[in-house]
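Reviewing the structure listed below.
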Amino acid sequence: MTASNRYDGKPMLRLLECYVLWAIGKLEPKEEQALAQMEPKLRKVLNQPGNWREIIAGAMSLPANMPELIRTNWAENLVIAEQHSATLAPQQFAEMFVDDNFAC
């Protein structure tokens, strides 16, 4: 699957990946800025108040402690990767986490 068709017809998919990357402290500043600029449109389309993170969390009915849960899962997966002499890239983790935990 290429990156382009991963997101076809799934507008929330990339937003959720960005949310995960933000939660683990790996969201690029350029993406953070782009998401902040999208906030007015996201508020309108998803009918949710707040900044982009709050809008996504509200639209997906995420629990308040979701960032903490994501960080815990990230830490656990880093240990597993290390035990297998593998590297877990933040984007790879974000995709796996979203695929395993959200229906998009």
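The values are calculated or read from the model by the stated rules, or taken from the named source; none is laboratory data. Owing to the predicted nature of the structure, the values given are computational and were not obtained by experimental measurement. Please note: Cβ atoms are built from the backbone with ideal geometry, for glycine as well, and neighbour counts cover all protein chains shown.
On the given criteria, is M12 modelled with pLDDT under 95 and assigned to a helix (DSSP H, G or I)? Yes: the conditions hold for M12. Here L62 meets the list (1) touching a residue at least 60 places away in the same chain (Cβ under 8 Å); (2) over 11 Å from the mean Cα position of the chain (by Cα) almost entirely, failing just condition (1).
Just checking, which of E76, E82, E95 is within 16 Å of L27 (Cα to Cα) and assigned to a helix (DSSP H, G or I)?
On the way: E76 fails: within 16 Å of L27 (Cα to Cα); E82 fails: within 16 Å of L27 (Cα to Cα).
Of E76, E82, E95, the one residue that is within 16 Å of L27 (Cα to Cα) and assigned to a helix (DSSP H, G or I) is E95.
Any residue in the range 26-38 that is in contact (Cβ under 8 Å) with a residue 40 or more places away in the chain, part of a helix (DSSP H, G or I) and farther than 16 Å from A94 by Cα? No, the conditions are met nowhere in the range 26-38.
Would you check which residues across the range 15-25 are part of a helix (DSSP H, G or I) and hydrophobic (A, V, I, L, M, F, W, C) and list them? Can you show your working first?
Quick first cut of the range 15-25, residues part of a helix (DSSP H, G or I) only: 15-23.
Passing the criteria: L15, L16, C18, V20, L21, W22, A23.
Residues that are aromatic (F, W, Y) and surrounded by 18 or more Cβ atoms within 10 Å (Cβ to Cβ) do occur in the range 49-57, at least one of them.
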